[in-house]
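Reviewing the structure listed below.
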Amino acid sequence: MIELQNRVKSLLADKEIDLFIGYGQGTRLPRPLLAGTAEEASGLVFDGACTGNLAVYLTRKEVAGSKKVGIAASYFALRSIVQLLAEHQLREERLRVFALAPGGTLKELAGLAEVERHLAETPVPSLQVEDDWVKEIDAMPPKERWGYWLGELSKCFKCYACRAACPMCYCTKCIVEVNRPQWVQPWAAAASNMEWQINRVMHLAGRCSDCGACGAACPLGLPVHILSHKMVEIVAQRFGTPEGGNALSTFKPDDKENFIG
Amino acid sequence: MDNEFEPKLLAFVCNWCTYAGADLTGTSRIKYASNVKIVRFPCTGRIDFMLVLKAFANGADGVIVSGCHPNDCHYTSGNFHARRRWMLFRELLDFMGIDVRRIRFSWVSAAEGAKWADVVNSTVAAIRELGPYTDYQKAASYLAGNEDVLLNEKEVTL
């Protein structure tokens, strides 16, 4: 922790970075801490409990803008960073990435290649809960599945916290803010809530890091991250690991399906 | 007159293959079910998945999506992109319990007039079996049909 604080302080002093996006002490879990000065950097922590996806701040203009930023990245945040770089949303030369090696030691990753190597070396954090949840829903008959999702999503009041928490939801004009045509009705009602989630998940297909930030951000605790997780599963099953993080803007002539006749 | 349920179907088709194919069905004087309304798109790649959901929300009992066979796309790759999209979309809908049996995907070329008649007839027959898609319509109509529930809603008193 001291190591990270000192490193960030020296980077800030040398004007190597303008801002460090890291974790600070929270009441239950570590919370995001944006450090622009040495004093602020003294509050930084970074350990195994730091699992929130901070990559979300990288694409927020009011936070990162055109600044040179450093970031303390959890495993899934690293995945998001790789995807954001693939989508040309970040400048590699303006980014300093810090991660934790499996033993808990601090590691500075220079550039995309090292981030990718680190991801390949690090075991994927367990998503057993999500896997089981998806299996449970898959086992339901369709009527029951409809009832389950209708029940869950009719509680949604469209605060769009799931969108705000997502590093990949960086569009400056989201489909739900477009009203010509009005694809998704703006009020919170069962079908339009479902349509919003379908849109969100479809737009994240092949891009989602599976971090679960959407579900964690939901003030009602709706399992919207289970939809994202299911989509990650579908994409992996159908298309394997998408090249350049692309599932829907590319294709293979021999893609296999069994429902088009 | 009998009161048999007549399904309402919407077909989203591409201009270059299926629309021309459906035209051929007509010029070949092949009779087919009149339950379908055809909407013409430049390409299957243009068919937004939201259109399917909007169709269900607005009272369609079934949807047909059809375009050029793989490798026959007028724009080279529109149908390949569409196919990927449908593969994911269909599984996601199924996961959410939306009735994917009501969405019929097909490739119909400009020469397959008879196939188009067959696609429409078999889809109409299948939807007739399934009945009207009231689940989605009810969820989409916000307040209509929920009057009894609303009556039971009490004002919050402090």
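Derivation of every value follows stated rules applied to the coordinates shown; laboratory data play no part. None of the values given here were measured: they were computed from a predicted structure. No Cβ is skipped: glycine too gets one built from the backbone with ideal geometry, and neighbour counts run over all protein chains shown.
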Need one word for segment A:2-121: rounded, prolate or oblate. Basis is the Cα gyration tensor (sqrt eigenvalues a ≥ b ≥ c); a/c below 1.5 gives rounded, then a/b vs b/c decides. rounded
Distance between Cα centroids, segment A:167-186 to segment A:96-132: provide it in whole Å. 32 Å
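Is segment A:93-136 rounded, prolate or oblate when judged by the Cα gyration tensor, a ≥ b ≥ c being the square roots of its eigenvalues, rounded requiring a/c under 1.5 and prolate requiring a/b larger than b/c?
Numbers: a/c = 3.17, a/b = 2.26, b/c = 1.41.
Prolate is the answer for segment A:93-136, as a/c is 1.5 or above and a/b outweighs b/c.
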Within the set of other residues whose C-beta is less than 11 Å from the C-beta of residue A:80, count the net charge using Lys and Arg as +1 and Asp and Glu as -1. 0
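Scan chain B and report its longest stretch carrying no GluC sites (Glu not before Pro) that are both in a DSSP loop and have at most 10 other Cβ atoms within 10 Å.
Between exposed loop sites, the widest span is B:5-152.
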Which residue, A:72, A:101, A:216, has the most motion in a Gaussian network model of chain A that connects Cα atoms within less than 10 Å? A:101
Please find, in a Gaussian network model of chain B (springs between Cα atoms separated by less than 10 Å), the residue of B:93, B:53, B:130 whose mean-square fluctuation is greatest. B:93
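If each DSSP helix of 4+ residues adds -39,500 (n - 2.57) and the sum is divided by the residues in chain A, what number results at 222 nm, nearest 500 deg cm²/dmol?
It comes out at -11500 deg cm²/dmol, rounded to the nearest 500.
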Looking at segment A:16-71, which GluC sites (Glu not before Pro) are DSSP coil and have at most 16 other C-beta atoms within 10 Å of their C-beta? A:16, A:62
Along the charge dipole of segment A:126-261, pointing to its positive end and built from +1/-1 on Cβ of Lys, Arg, Asp and Glu, which listed residue (A:183, A:241, A:220) has its Cα farthest out? A:183
For residue A:67, the lysines lying under 20 Å Cα to Cα, once residues fewer than eight places off in the same chain are dropped, come out as A:9, A:15
Given the candidates B:52, B:71, B:123, the one whose Cα lies deepest towards the positive end of the charge dipole of the protein assembly as shown, counting +1 at each Lys or Arg C-beta and -1 at each Asp or Glu C-beta, is B:71
Indicate the gyration tensor shape class of segment A:128-245 (rounded, prolate or oblate), computed on the Cα atoms with a ≥ b ≥ c the square roots of the eigenvalues: a/c under 1.5 is rounded; otherwise a/b larger than b/c is prolate and the rest oblate. oblate
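Dipole magnitude of chain A about its Cα centre, charges +1 at Lys/Arg Cβ and -1 at Asp/Glu Cβ only, in debye to the nearest 20? Write out the running numbers ahead of the final one.
Values: 29 positive and 30 negative charges, 148 e Å.
Magnitude of the dipole: close to 700 debye.
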Length-normalised contact order of segment B:9-152, Cα under 8 Å, at least 6 apart, in percent, tallies to 35 percent
Within a 10 angstrom radius of the beta carbon, how do B:80, B:95 rank from fewest other beta carbons to most? B:80, B:95
